[in-house]
Amino acid sequence: MDRPIGMFDSGFGGLTVARAVIDLLPHEHLVYIGDTGRYPYGPRPQAEVREFARQLAWSLVKDFDVKAVVVACNTASAAAIDDLKAELPVPVIDVVEPGAKALTLATRTGEAGVIGTVGTIGSGAYDRAVAAAAADAGSTVHLTSAACPGFVEFVERGQTSGEEVTILAERLLAPVKDAGVDSLLLGCTHYPYLARVISDVMGPEVTLVSSADETAFATRDALTEAGLLRPVGGPPAEHRFLSSGDISWFADLGRRLLGPELRDAAGWRHD
């Protein structure tokens, strides 16, 4: 039970999930790997993303003895979640299913949208997940999807506002805006950092849904079900952050995005 929760993402986006997990489960140890040396995942072939995800997940299990793996990356979840759940010896939590459930509950008219990377949208993972969630809820949801290439790069440059971002957002969000959606799922963990711009473009009547909090709840539920929650009252939780790219850049930008928990970072190398 004292083992850490493992988490990985292509870069910084998963820190939105890490923030939610730390806030919900402050007594839990955490190991986070940001694969910034190989980001962005979105334009890469699914087979390549699947192999990256397996490398990261198995490293968390073998090198850090984690008790659960959170795939805090929509593109990796879409490409590899079934394989990871089948082969890893620990619970595996993804961001797609919790986000789809939250979107199904958020929509008032049944007209909903999702935005994500080219890889995530092209995989159809959200179409399947939203259809399944709506069926479970006994409702009908018509989903409009749009890929948003360029958003991840803006976030990972630390540029989350300004004219350039707004112009790109207006162009990329046009399909979901024209569809008249009343709720929009941010189907990439980087996108909450652009929430203000996205909300300004979509308008106040559109509810933005982030899967970060829902994924944190799913993580808590999985650990509870497996009897793996860390007891309250022990030594303070330790949070470790690793990067496959520039460590000082990861630590600096990551600290601004996550908060004081990211005091420093270390390197991670894939085989």
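Listing for the model above:
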item	result
Residue in segment 33-46 that is of a type in the set (A, V, I, L, M) and assigned to a helix (DSSP H, G or I) present	no
Condition check for Pro175: modelled with pLDDT of 95 or more, in a loop (DSSP other than H, G, I, E, B) and not assigned by TED's automatic domain parsing to the domain that holds Pro43	no
Output for segment 140-172, where each listed residue is assigned to a helix (DSSP H, G or I) and without any contact (Cβ under 8 Å) to a residue 40 or more places away in the chain	Glu163, Glu164, Val165, Thr166, Ile167, Leu168, Ala169, Glu170, Arg171
When residues of segment 129-159 are limited to those that are of a type in the set (Ser, Thr, Tyr) and surrounded by fewer than 17 Cβ atoms within 10 Å (Cβ to Cβ), the one farthest from Pro43 (Cα to Cα)	Ser139
So Phe151, is it within 25 Å of Ala79 (Cβ to Cβ), touching a helix residue (DSSP H, G or I) at 6+ places or on another chain (Cβ under 9 Å) and not assigned by TED's automatic domain parsing to the domain that holds Gly34	yes
Cross-chain or 6+ apart pairs with Cβ under 6 Å, segment 117-130 first and in contact (Cβ under 8 Å) with a residue 60 or more places away in the chain, then hydroxyl-bearing (Ser, Thr, Tyr)	Thr117/Thr75; Gly119/Thr75; Thr120/Thr75; Ile121/Ser145
Residues within segment 224-264 that are of a type in the set (A, V, I, L, M) and without any contact (Cβ under 8 Å) to a residue 60 or more places away in the chain, tallied	2
Odd one out for Ser77, checked against (1) surrounded by fewer than 24 Cβ atoms within 10 Å (Cβ to Cβ); (2) in contact (Cβ under 8 Å) with a residue 12 or more places away in the chain; (3) in a helix (DSSP H, G or I)	(1)
Hits in segment 166-194 - residues which are farther than 21 Å from Arg19 by Cβ and touching a Phe, Trp or Tyr at 6+ places or on another chain (Cβ under 9 Å)	Leu168, Ala169, Leu172
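The values are calculated or read from the model by the stated rules, or taken from the named source; none is laboratory data. Small disclaimer: the values here were computed from a predicted structure and weren't measured. Every residue, glycine as well, gets a Cβ built from its backbone with ideal geometry; the counts of neighbours run over all protein chains shown.
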